[in-house]
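*Asks:* The structure's right below; bear with me while I get my questions together.
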Amino acid sequence: MEKGLTVRRIVIAGVLGAIAILLGVTRLGYIPVPTAAGNATIMHIPAVIGGIMEGWGVGMIIGLIFGVSSFLNATVPLFKDPLVAILPRLFIGVTAYFTYVGLKNINEYFAIGAAGFIGAMTNTILVLGMAVIRGYMTFGVAATVALTSGLPEAIVSVIVTLAVVAAWKNLVKAGKQKSKISG
């Protein structure tokens with residue numbers, strides 16, 4: 001993986017950031033559920049994908065976009081607190097990246113799926129942990145939300161992340177092979 005800020009990283013961060021903004025503005029990234037959380041989210045998935053594809057820095061930028069979107073769209077006091085809405089989301093792409101890098105030599109597909117799961121659970125655990133620390137909910141309520149919303153979000157994250165990243169990597173490989181044949 002190239003180090004530093006490259007045109008590719010800027011473009012991918014921009015595209016995934018735009019997807020995160022679209023999911024936030026249209027509210028498609030927030031799925032209403034009858035739990036204490038109020039919404040299940042798929043907003044973390046672009047940050048996970050960005051972390052896997054382009055490194056922890058890109059994942060952190062997209063997580064920041066998710067956090068700011070959550071903060072600006074907040075309808076409950078919990079998410080009007082930047083320490084709950086923004087700070088935890090910075091780590092979604094970071095943990096996804098390090099999970100992927102740590103496991104990709106074992107099996108690439110397993111590493112992608114595990115990164116999707118860990119990225120989603122990072123969102124759940126850090127947001128709910130901060131909500132408990134800041135006094136917005138009790139530990140028992142947070143644990144219930146983690147089980148009823150967090151685990152399903154993590155499963156969806158694994159499926160979508162695997163599909164998108166595997167397809168993306170196959171397209172990149174096909175493009176490289178095509179350019180070798182053409183060249």
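*Asks:* Angle, helix 45-54 long axis vs. longest principal axis of the chain, Cα atoms, 0 to 90°, nearest 10?
*Replies:* In the chain, helix 45-54 runs at an angle near 30 degrees to the longest axis.
*Asks:* By how many degrees, between 0 and 90 and to the nearest 10, does the Cα long axis of helix 56-72 differ from the longest principal axis of the chain?
*Replies:* 30
*Asks:* Now a separate question. Enter the angle in degrees (range 0 to 90, nearest 10) between the Cα long axis of helix 151-182 and the first principal axis of the Cα atoms of the chain, meaning the one along which they spread out most.
*Replies:* 20
*Asks:* Now for a separate question. Rounded to the nearest percent, how much of the accessible area of region 7-173 (1.4 Å probe, protein heavy atoms only) is carbon and sulfur?
*Replies:* Of all accessible area on region 7-173, carbon and sulfur atoms account for 78 percent.
*Asks:* To continue, here is another question. Using only alpha carbon pairs under 8 Å that are at least six residues apart, calculate the relative contact order of the chain and give it in whole percent.
*Replies:* Contact order relative to length: 20 percent.
*Asks:* Moving on. Which number do you get for Rg(Cα) / (2.2 N^0.38 Å) in the chain?
*Replies:* Here the Cα radius of gyration is 1.05 times the empirical estimate.
*Asks:* Rounded to two decimal places and with Rh computed the Kirkwood way over Cα pairs, what is Rg over Rh for region 1-83? Intermediate results must be reported in sequence, preceding the final value.
*Replies:* Working: Rg = 13.7 Å, Rh = 13.2 Å.
So for region 1-83, dividing Rg by the Kirkwood Rh gives 1.03.
*Asks:* Ok, one more. Just to check, using Stokes-Einstein with a Kirkwood Rh over alpha carbon pairs, what's the diffusion coefficient of region 48-105 at 37 °C and 0.692 mPa s in µm²/s?
*Replies:* On the way: Rh = 11.4 Å.
Estimated via Stokes-Einstein, D reaches 287 µm²/s.
*Asks:* Still on this model: I'd like to compare 149-157, 54-62: which one has the highest average count of other Cβ atoms within 10 Å, and what's the full order after that?
*Replies:* 54-62, 149-157
*Asks:* Next question, about the same structure. Quick one: accessible area per residue over the chain, 1.4 Å probe, rounded to a whole number of Å²?
*Replies:* Using a 1.4 Å probe on heavy atoms only, each residue of the chain averages 52 Å².
The values are calculated or read from the model by the stated rules, or taken from the named source; none is laboratory data. These numbers come from a predicted model, not from an experiment. Note: ideal-geometry Cβ built from the backbone for every residue, glycine included; neighbour counts use all protein chains shown. We work out accessible area using only protein heavy atoms, side chains counted, and drop any ligands, DNA or RNA first. Shrake-Rupley method; radii C 1.70, N 1.55, O 1.52, S 1.80 Å.
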